[in-house]
Amino acid sequence: MGPWLSNLLILAACCYECRGEDSVIQPPGDVTATEGEQVTLDCQFDTDDTRNLNLFWYKHELNGFPKFMLGRFPFGSKNATEFKDRFDAHLDADSKSVPLTIQRVQLSDSAVYYCALRPTVTTGYTASLQKRFVCVI
């Protein structure tokens, strides 16, 4: 075996990281709210990599595709344009949670909401994904 190959194998062994399965947990059951109320959807997460947390929320309306709502990162955040005014989430690495708050809930907010540890709409990655239905009356 050439010296360059043994160096490559040593480098690969040093860079290998063994991690458990990442996951997100949302409480079971649907949420029912009256128009004008504030709704908070909880999302707990479990990951070994707390230095590189990236949490995402998606909205999936009936007969539609999931839409990216917002992302929370260790040093910043991003909200999609249509979710800037009434939607917010705070990433709390200590309690391992990222609850989504919807202010002044509207009938059009009735949908399934997904919490994820990775971008799922663009990548198709769904292993670390949970969902919660919100019905506004």
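Of the strands (runs of 3 or more DSSP E) that lie entirely inside region 54-116, those containing 3 or more residues that are open to solvent by less than 20 Å² (accessible area, probe 1.4 Å) span 55-60, 67-73, 111-116. Of all residues in region 84-116, exactly one satisfies the criterion of being within 13 Å of the chain's Cα centre (by Cα), acidic (D, E) and modelled with pLDDT under 90, namely D92. Pairing each residue of region 43-56 that is over 19 Å from Q26 (Cβ atoms) with any residue that is hydrophobic (A, V, I, L, M, F, W, C) and at pLDDT below 85, provided the two are 6+ apart or on different chains, yields C-beta distances under 7 Å for T50/A93.
Scanning region 27-53 for residues that are charged (D, E, K, R), loosely packed, with under 13 Cβ neighbours inside 10 Å and at pLDDT below 90 returns D30, D48, D49, R51.
The values are calculated or read from the model by the stated rules, or taken from the named source; none is laboratory data. Values in this document were obtained by computation on a predicted structure and should not be read as measured data. Note that we place each Cβ from the backbone using ideal geometry, even for glycine, and neighbour counts take in every protein chain shown. We work out accessible area using only protein heavy atoms, side chains counted, and drop any ligands, DNA or RNA first. Shrake-Rupley method; radii C 1.70, N 1.55, O 1.52, S 1.80 Å.
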